């Protein structure tokens, strides 16, 4: 499943899981082989760190401006990101603490390691890593969890029996992490 299909599925999941909740759905401004990404890569798994930093701050500014423009309240939003989207969300947590109130990170890796580490003060983070992911080695997802814990985030970590694609298990873990029951009418299992 490609990034566009994954984005459509995750947007649909958020809309159905949180009916009536305000949502922002930013799209990456970098094109790689015709597909939008949030930041440039030099190769698979090798990030252009200068571009990552610049685009992280641009996205943070966008989120802060949108919160004011659309009067989205005083609580920072929760991010839901898959792959490149999970990596930019992790970068937001690490470079602009306070912009996000937490994050559900699906198939992430360490985007960068800031020095000094931010103080995340218990921000909740759920990481879902694939046991058969051919793109992100297990050590990368585990290293991100440890990095966020050292920064003070409250990290939950789950291994999903899957490769790099988004699965129903990811969505179920996400529902539970957000405190939703998969048996409630608003979040009943659906065909994705």
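Just a few scattered comments:
- The share of alpha-carbon pairs in segment 63-154 lying farther apart than 21 Å comes to 28%.
- Residue order for 69, 146, fewest other beta carbons within 10 angstrom first, comes to 69, 146.
- Fewest-first ranking of 176, 68, using other Cβ atoms within 10 Å as the exposure measure: 68, 176
- When Rg and the Kirkwood radius Rh are both evaluated on Cα atoms of the chain, their ratio Rg/Rh stands at 0.93.
Since every read-out is calculated from the coordinates, none of them should be taken as a lab result. Being a predicted model, the structure only gives us computed values, none of them experimental. Cβ: placed from backbone, ideal geometry, glycine included. Neighbour counts: every protein chain shown.
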